[in-house]
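S.K.: To start, I am sharing the structure in question, which I have written as structure tokens.
Derivation of every value follows stated rules applied to the coordinates shown; laboratory data play no part. If you're wondering where the values come from, they're calculated on a predicted model, not measured in any experiment. Methodologically, a virtual Cβ is constructed for each residue, glycine included, from the backbone with ideal geometry; neighbour enumeration extends over all protein chains shown.
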Amino acid sequence: MRPVDPNHPLLVFGGPYSNLQATMALREIAKTLGLPTGNVICTGDVVAYAASPEETANLIREWGIHVIAGNCEEQLAAAAPDCGCGFEEGSECDLLSRGWYPFALANTSDETRTWMGRLPPGITLDYNGFRLHALHGCTARKNRFLFASQKTDLAKEADRIDADIILAGHCGIPFINRIGQKTWLNAGVIGMPANDGTPDGWYALLTPEADGIRITLHRLAYDHLAAAGAMRRSGHANSYARTIVTGIWPSYDVLPEVEKSDTGVSLRQKAVLAKRPAPVLV
Ligand SMILES: [Fe+2]
């Protein structure tokens, strides 16, 4: 595993989703920040809705960052018949996935799918006195949606994970929840908007400070019109092409009531200080 340099921030992001333009923009940010590749973590779903599956996967692979296997990697590696997102049979998300998933499968090479099949389901690393664990959905299921409002479920999950800071993906909306002494960070995704009425994606930075780690959520503005245009040309997922521009998801099937009622409400960039864990006295 590539070493993490404690002298640099850590950049965490999820869901490139075949969105080449967003992924290129994110890589530029990492470059501008001077981050070593060991300090960048992708929480999975490299390939999904957008127009450039193979190109996006190649960019991520050649970049050489840490990548966790999402449900999309798992399904594509197995050439499975569906995305494995956990959508209910017949739901709108399920029907929409019948448009984009076959396109994603048809437009990824054997080499890319072999790479996907070798990605780890999670990684644990030590960073500035903190134990971090990155995963996609939850410990038992890659495709479990866990949103900020699901506090009881998040607390149960956090209990199962031996880490101070949990870096999760899959759900598509960024949040930072404090759960006792632990922090649950979902960095959001870069390849689709966060259903907040803006076209931006999201990523997170973890920056060491004297008394802990500052966790910040950031917008990713990128050439979303080019990404949407490429999707319209391929024609495989027009509803999601609209989402790329409007910032509103085509379906709210997977959203709890709180997140559903926040549809179209612009998210704020947040900052939380995770305090250094107290030393264990023996
Ligand atoms: Fe996922």
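S.K.: In what sequence, highest mean first, do 232-241, 159-168, 37-46 appear when ranked by Cβ atoms within 10 angstrom?
M.R.: Highest mean packing first, the order is 37-46, 159-168, 232-241.
S.K.: Expected output is a single nm value to one decimal: the length gained when fully extending between residue 88 and residue 160, i.e. 0.36 nm times separation in residues minus the C-alpha distance. What is it?
M.R.: Working: separation 72, 0.36 × 72 = 25.92 nm, distance 2.61 nm.
Extra length available between residue 88 and residue 160 comes to 23.3 nm.
S.K.: What is the extension gain from residue 225 to residue 271, computed as 0.36 nm multiplied by their sequence separation minus the C-alpha to C-alpha distance, in nm to one decimal?
M.R.: That works out to 13.7 nm of additional length.
S.K.: Please give the calculated 222 nm ellipticity per residue for the chain, where each DSSP H segment of at least 4 residues contributes -39500 (n - 2.57) and the sum is spread over every residue; nearest 500 deg cm²/dmol?
M.R.: Rounded to the nearest 500, the figure is -9000 deg cm²/dmol.
S.K.: In addition: Using 7 Å Cα-to-Cβ label points, what is the residue 153/residue 260 separation (nm, one decimal)?
M.R.: Rounded to a tenth, the inter-label distance reads 1.3 nm.
S.K.: So for the pair residue 181, residue 62, with labels modelled 7 Å out along Cα→Cβ, what separation do we get in nm?
M.R.: The two pseudo-label positions are separated by 4.5 nm.
S.K.: Could I have the simple spin-label model distance between residue 111 and residue 95, label points 7 Å from Cα toward Cβ, reported in nm to one decimal?
M.R.: Between residue 111 and residue 95, the label points sit 3.9 nm apart.
S.K.: Restricting to the stretch 10-275, what percent of DSSP beta bridges are antiparallel, rounded to 5?
M.R.: Of the beta bridges lying entirely in the stretch 10-275, close to 70 percent run antiparallel.
S.K.: With a length cut of 20 Å (Cα positions projected on each helix's long axis) and a Kyte-Doolittle mean of at least -1.0, go through the chain and give me the DSSP H helices that pass.
M.R.: 92-106
S.K.: For the stretch 10-275, with the dipole built from +1 on Lys and Arg beta-carbon atoms and -1 on Asp and Glu ones, taken about the Cα centre, which of 140, 125, 216 lies farthest toward the positive end?
M.R.: 216
S.K.: Expressed as a rounded percentage, what relative contact order does the chain have, with Cα pairs under 8 Å and six or more residues apart?
M.R.: On the way: 661 pairs, mean separation 57.1, N = 282.
Averaging sequence separation for qualifying contacts and normalising by length gives 20 percent for the chain.
S.K.: Provide the net charge surrounding residue 269, with neighbours chosen by a C-beta distance below 15 Å and charges set as Lys +1, Arg +1, Asp -1, Glu -1.
M.R.: Residues close to residue 269 contribute a combined charge of +2.
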